[in-house]
Amino acid sequence: MPIRSFLPLAALLSLATAAQTPFRPQQPAEHISAAVNYEALFSAPTINGPYGASNAFSDDSWSLMSFGYADPLRCFGTDKETPFDVAIIGAPFDTTTSYRPGARFGPMGIRQGSRRMHIGSINVPYKTRVTDHLHVVDCGDVPMTFVDNKVAIRQLETANADLVQRSSATAFNGSSIAKDGKFHPRVLTLGGDHTITLPLLRGVAKVYGPVSVIHFDSHIDTWRPGTYEGGPWLPGEEVPVTHGSYFWYAAQEGLLAPNNTNIHVGIRNALQTWGDYENDYEVGFVISHAEDIEEVGWRGIVKRIREVVGENPVYITLDIDVLDPAQAPATGTPEIGGFSTREIKQILKGLRGLKIVGADIVEVAPAYDTQAEITQIAAANIGWDILALMAETPLSD
């Protein structure tokens, strides 16, 4: 009988034997002992690079994905008494967007884009290490309901206001520019659609008063809300805030610095009427169009920004669609003809020395990104540069 005829019988016998004899894998001796030094095991310098104590593993380490490996902190829970200098928060909100939704997933998308970064590494263009100057933490995402925009905005406003009114971990030289004369933490918010800037400015204004806004975007976002004949709103019914009108509301609430000391950078959107520009100026902005870079270069744009904001406290809000969709396709309202990542980095670096009281990066919608995650990576690196700007300039006179 050929040998292959015995193979089915051999297989059956093998299965029967296995059923009667439990499998007991041999364990190496070092796995049996519970006395493992995990701090030494997980803190090797080959893990994310030798970035100092902030990279050391300890008994209370989380091993969670945070922005640039910032320390995860339960800022509204058991860690609420722990001081810090900059809090990174996520605002998973996109229910006031006008075109492609998906920015509610932006916070985790930007964190994903930061996996190759470390806040403890040296930012070469700035010649600085953020962690030498600031204790940066990641507070995670603020819970924001998706069924009621008013409630969601209130949730973010309350959370941000709580953070920026705490005392910072570091006492800087000089006197604070805050109204109460104390040093307070700053917040870098990962959005979320652009409406989130309104509740964030409310919290900042409580601490510093009206601030000059540097608004990187392809759209002006100052449109006056109003009802339209034949539209869905009833006479006298409130028109809700959206990611195209939040600056109009901010102006009505006195959150923006006066005398047109706020500036849009990168504008290239279509207008409904020429009156949009008149309304924009009334809200308090001047405009630098995206095409200006062809005439004056990035240095000319920086010069214009600094002329407009002067010595005022500054809030930076950056819509990722300020970049050209070739380099940042994952956004809700893409417009061609935007800045390159190199240009935006140069413009940001030109803002060194400005007193940045807070910042946000918005409208990153990961579902529209490429497999290479180029939008998320661009947003994360922009966030890292904003942290470097904050590190270089304490909020003191």
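The values are calculated or read from the model by the stated rules, or taken from the named source; none is laboratory data. Predicted, not measured: the structure shown is a model, and the values here were computed from it. In this analysis, Cβ positions are derived from the backbone assuming ideal geometry, glycine residues included, and neighbour counts consider all displayed protein chains.
Details
- Per-region count, the stretch 248-286, residues among the β-branched types (Val, Ile, Thr) and touching a His at 6+ places or on another chain (Cβ under 6 Å): 1
- Residue list for the stretch 137-169, filter: of a type in the set (Gly, Ala, Ser) and surrounded by fewer than 18 Cβ atoms within 10 Å (Cβ to Cβ): 167, 169
- Selection of the stretch 360-372 for residues being aliphatic (A, V, I, L, M), outside any loop (DSSP other than H, G, I, E, B) and either crowded, with 24+ Cβ neighbours inside 10 Å or modelled with pLDDT under 95 (or both) yields 361, 362.
- Figure legend. Inter-residue proximity from the stretch 111-140: first residues at positive phi, second residues of a type in the set (Lys, Arg) and part of a loop (DSSP other than H, G, I, E, B), beta-carbon distance below 9 Å, spacing 6+ or different chains. Indicated pairs: 140/74.
- Contact map, the stretch 330-350: first residue crowded, with 20+ Cβ neighbours inside 10 Å, second residue of a type in the set (Asp, Glu) and assigned to a loop (DSSP other than H, G, I, E, B), Cβ cut-off under 8 Å, separation 6 or more or different chains; pairs are 330/369; 331/363; 332/94; 332/193; 332/363; 333/363; 338/324; 339/324.
- Answer from 63, 14 - the residue that is of a type outside the set (A, V, I, L, M) and either surrounded by 10 or more Cβ atoms within 10 Å (Cβ to Cβ) or modelled with pLDDT under 55 (or both): 14
- Residue in the stretch 308-320 that is within 23 Å of the chain's Cα centre (by Cα) and either assigned to a helix (DSSP H, G or I) or small (Gly, Ala, Ser) (or both) present: yes
- Contact annotation: residue pairs with Cβ atoms under 7 Å, 6 or more positions apart or on different chains, pairing a residue in the stretch 287-300 that is in a strand (DSSP E or B) with a partner that is among the basic types (Lys, Arg), are 288/304; 289/268.
- The stretch 80-96, residues that are more than 14 Å from residue 168 (Cα to Cα) and part of a loop (DSSP other than H, G, I, E, B): 92, 93, 94, 95, 96
- From 326, 290, 330, residue being at pLDDT 95 or above, touching a strand residue (DSSP E or B) at 6+ places or on another chain (Cβ under 6 Å) and aliphatic (A, V, I, L, M): 290
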